[in-house]
Structure formats: structure tokens, C-alpha cells
Amino acid sequence: MKSKNFDRLDILAAVCVLASFLAVANLPFTAKRFGDVDIYTDAKTFAGAIRGDAPWSSVGLNRLPFTTLYYAVPYVLVPAGSPDDRYWKASVAWTLPWIAVSLLLIRRVARYMCGEMAGRTAIGLMLLSPFVVYYALGITADAPAWVTTTVFLSGWSQWEQRPSARAFGLAVLGLAAMVLCRPNSLLVLACGIGCGLLLLRKRRAQALFALGCGIVVLAITLAVGVAESRLRDPAKARPALENLAHVAFHGSFQFRDEPWDWRFWDDDTRRGSVDYAHWVEQRTALKQAAERTGQLVSRLQLQWIARDYAEHPRLRLRIALIRILAFHVSLVNSVQPKEFHIGPLRGRVAWVFFHVLVNMSTFVLIAGALWFLISRRREFLSLWVLWAPWIALLIFHALTYVEPRYLMPARPALAIMAGCAFAPLVQRVAKHKFRRERHTETPAATAAARRAPLADPG
């Protein structure tokens, strides 16, 4: 691997991130600025307590603890009483450099694995699909989860090159932060522990890393969960099991009678939806049953889900398969196709062109990742850090509820695998182009090059 110092490509990548922010911010559609209000209010309260403007008794980590801490850092610098818009700007200004740094980490992980061209290709693939930039313009867990995944992968690659406490600590920090950003990625720990056990006889160092990461991060997650339950505001947040029941219950109606209605699941966007209406009807019935019997709504939801799996196994399988596809397809829900416009293109043609282009970039990542895993199948277990985020999220959301943005923590690893898979092809194309350019040089230019003095070797 070449020097780890910054070079012109690193600077260019950082400039491209800034350009992506400017381009995405000027699209006719954007992510909701305060996509998750609970994260915003909790981070704002926490920052106020740090500044001394609010009592510590008002602090509550109601959802996604690490995400709250992540946004609280820039909020500390925002004066008390500032408008919401100023807090949003602080969030974007804080996230932008983290995305740039993460992009450089992605390059270095891919470069360690398969050489310089793999690093360059991985960066290119990430810049061609700037989903993280889009979601960074809203206060959600998506951008922090993307960043923390790159930290985890960087720690792993450093451990692979030279095992050390620093590398292990960096990997644990990144993995723990990722899980605390997105608890739906908890199955990554099961993948790590399982692969570690299977690797014990063959590759002891890699096995100990996998087991160590899985066990330590699991312990951290449980400890944070206990602490969070004591700080939780019951009026704002549900316990973990209750929240899971809520998500899985309304997910039971996603793609049920309308398998190709992939609109966002809310009152405004799903107006007129049969599945959404059935969910509202069944939710109301369970709430009334809970009031009559004194049972928790979440308990009745879990019982309903279990019965539904038993009574409709084929339907559940079909829903899961559609979710797997929908997980990788991004759609703009805030603008109707006939009103869609981007640049000079307008209407349905613009809508179709944009979505084909955007989603093609994701399918290229998936194809490259699968190609990589097949070609390196003998190392499948030791490469768990790359495929586990994707597979873990895929399994969880195939069984519960899906939105394309939940794929975000897996995108850095997908880009690295795809970068490694496509690097030889890119290398061949680049060499062919270079040879072609040399072959098409004019005789005068060739003669002049021959007469030119050799460079001083010193």
C-alpha cells in the first residue's frame, strides 16, 4: 500500500463532497430538515445542559443514544434561544467534514485490500451515489450511521495490517456507535460472533478480533440500554420491545394487498392506500381490545403478528421478498411524477430518467459486492465485516418494515467490495485508453518526444 499521506485525489474527493452538498441542496426535493424530531429535541436539550442553560434533569436519551450525542456536539456552539434553522445549519456544517473524512477512509480500506485502483474506484462509486449527502441534509440517524461504519471498517483494516489495541479500539468504537445509531443492525454482532467461532481453528487472530468485537460491543449495547431505560421519558419514547412491536405491526401491512405501492408510510403520502387503511383499522381494534382487557397494546400486536405468520406463511414470504427488492430501490415521494423536474427535464420522463439513474448506481454496488464475495468465497468468514452490515439489515427489514434509507450503514462496505471487484476492469480500460492515445499520436509529436532530453534521475 502506498503512503497514507494526503494526495491530490484526497483533496479532489473532499471538493467533490462539497460540490455534492451544493448540488443536492438545490434539487427540487430534499430530505426533511428535522426528519426525526426526537433526535433534534433530545440533542438540543443535552447541549443546553452542557452549556448550563437547562437542568440535567431535563436530559433524556429517548431514542438512538449515539445519534443524540453526535448532534449535541455542534449544538453546544449554538447560542441558547436560536431558531431551529440555525441548529439545522450547525448539523450540516458538522456532518459535511465527517463525510469527507469517511470517504478518505473508504479509499484506504479498499486500497489496503486490493490496491490503489480499488481505492479510487470505491471513492468514485460513492460519489456516483451520494445518498449520504442527501440524508445529511436532514437530522436523522442515517448520516451518523454511515460515518460510524467507515470508522469500524478503518479499525478492522488497521488490525489486519498490524494488530494493536488502537486498531481494535477504533473498530469497537465504530461498531458500537453504528449499532447505537441503528439498533436494527444488531444482527451484525451475531454475524461477528458466529464467524469468530467458526474461524477459531483456522485463523485464530481473525477469530479473536471477530469475537472480541461482537462480545465487547454487545456488552456496551446492553449497558447503554440499561442506562437509557433509566433516562427515558415515558411520554416520548417506547421501550425497545414495544418499539419493535410497533414497527413490525405496521410493517405487516406494507406490500400486503398493494405489493407495488412503495410510497412512504405516513398519513399524507399514503392517502387512499388500501394497506394503510387496513393498518389504521386493525391498530384501532387492538387499542380498543387493550383498553377492555388491560393488556399492553404491544403484547396484542406481537400476538397478532405471530398468528398472521402461522395463518399466512406464503403471503409473509411474498412480502419479505418484495421488501428485499424495495430495500435497494429509492423513490421520491414528496413530488408527483407529473410535477417532477430536474434541470431542463420535466414531467414523467424526468421522473423515470432520474430514478433509473439513481437506482442503477445502487444496483452496480450490489452487483460488485456479490462479484467480490463470490470471487473471495474462501475468505467469506474472515470478511464478515464487509458483508455483515448488509446481510444483517436485509434480514431485519425483510421481517419487519423497510425503507431504502435503512441501507445506509451498509453502503460504505458495499462500495469497498464493489471497488475491489471492478478495479481490474477499470485498470484494463485505463491501460487500453492510454495505449490508444499513444497509438494515435501524430508523427510530429512522436518525433518531438524522442528528441526531448531525458529527465534528470536525481
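The values are calculated or read from the model by the stated rules, or taken from the named source; none is laboratory data. Not measured: the values here are computed from a predicted model. Using ideal geometry, Cβ is built from the backbone for each residue, glycine included, and neighbour counts are taken over all protein chains shown. Just the protein is used for accessible areas: all its heavy atoms, side chains included, with ligands, DNA and RNA removed. Shrake-Rupley method; radii C 1.70, N 1.55, O 1.52, S 1.80 Å.
Here are a few things to note about the model shown:
- Label-to-label distance for Val352 and Trp371 is 2.8 nm, based on points extended 7 Å past Cα in the beta-carbon direction.
- Magnitude of the charge dipole for segment 331-401, about its Cα centre and with charges confined to Cβ atoms of Lys, Arg (+1) and Asp, Glu (-1), is about 140 debye.
- Number of Lys pairs (Cα under 21 Å; 8 or more positions apart or on different chains) in the chain: 7
- Using just its DSSP H runs of length 4 or more, each adding -39500 (n - 2.57), the chain gives a mean residue ellipticity at 222 nm of -23500 deg cm²/dmol after division by all residues.
- Helix runs (DSSP H) in the chain reaching 27 Å along axis by Cα, Kyte-Doolittle at least -0.5: 84-114, 142-161, 204-231, 347-375, 411-439
- Cysteines in the chain lacking a second Cys C-beta under 4.7 Å: Cys16, Cys181, Cys191, Cys195, Cys213
- The residue list Leu345, Leu317, Trp304 was ranked by how far each Cα lies along the charge dipole of segment 304-353 toward its positive end, using unit charges on Cβ atoms, and Leu317 comes out on top.
- The calculated FRET efficiency for the pair Leu331 and Leu197, based on their C-beta separation and a Förster distance of 35 Å, comes to about 0.30.
- Scaled radius of gyration (Cα, divided by 2.2 N^0.38 Å) that segment 196-354 gives: 1.43
- Segment 162-263: relative contact order in percent, alpha carbon pairs under 8 Å with at least 6 residues between: 22
- Gain on full stretching of the segment that runs from Leu18 to Ile342 - 0.36 nm per residue minus C-alpha separation: 114.7 nm
- Sorting Ile395, Ile11, Ile342 on solvent-accessible area from highest to lowest, probe radius 1.4 Å, gives Ile11, Ile395, Ile342.
- Placing +1 on each Lys and Arg Cβ and -1 on each Asp and Glu Cβ, with no other charges, gives the chain a dipole about its Cα centre of roughly 1680 debye.
- Divide the volume of the convex hull around the Cα atoms of the chain by the residue count and you get 211 Å³ per residue.
- A full extension of the chain between Ile50 and Asn26 corresponds to an added length of 5.2 nm, given 0.36 nm per residue minus the alpha carbon distance.
- The label-point distance for Arg307 and Thr269, in a model that sets each label 7 Å from Cα toward Cβ, rounds to 3.0 nm.
- Considering every alpha-carbon pair of segment 108-248, the percent of pairs per 5 Å bin, from zero through the bin containing the longest distance, is 2, 9, 14, 18, 19, 16, 11, 7, 4, 1, 0.
- Distance from the alpha carbon centroid of segment 297-315 to that of segment 376-431 works out to 32 angstrom.
- Efficiency of FRET from Cβ geometry, Val426 and Asn5, R₀ 30 Å, rounded to 0.05: 0.80
- Whether segment 373-417 is rounded, prolate or oblate, judged on the alpha carbon gyration tensor where a/c under 1.5 counts as rounded: prolate
- Surface accessible to a 1.4 Å probe, per residue, for the residues of segment 188-293, Å²: 57
- Cα-derived Rg over Rh, computed across segment 1-149 with Rh taken as Kirkwood radius: 1.04
- With N as its number of residues, segment 36-110 has a Cα radius of gyration that, divided by 2.2 N^0.38 Å, comes to 1.23.
- Alpha-carbon centroid distance for the pair segment 79-104 / segment 146-170, whole angstrom: 25
- Put a plus charge on the Cβ of each Lys and Arg, a minus charge on the Cβ of each Asp and Glu, and nothing anywhere else: the dipole of segment 101-235 about its Cα centre is then about 540 debye.
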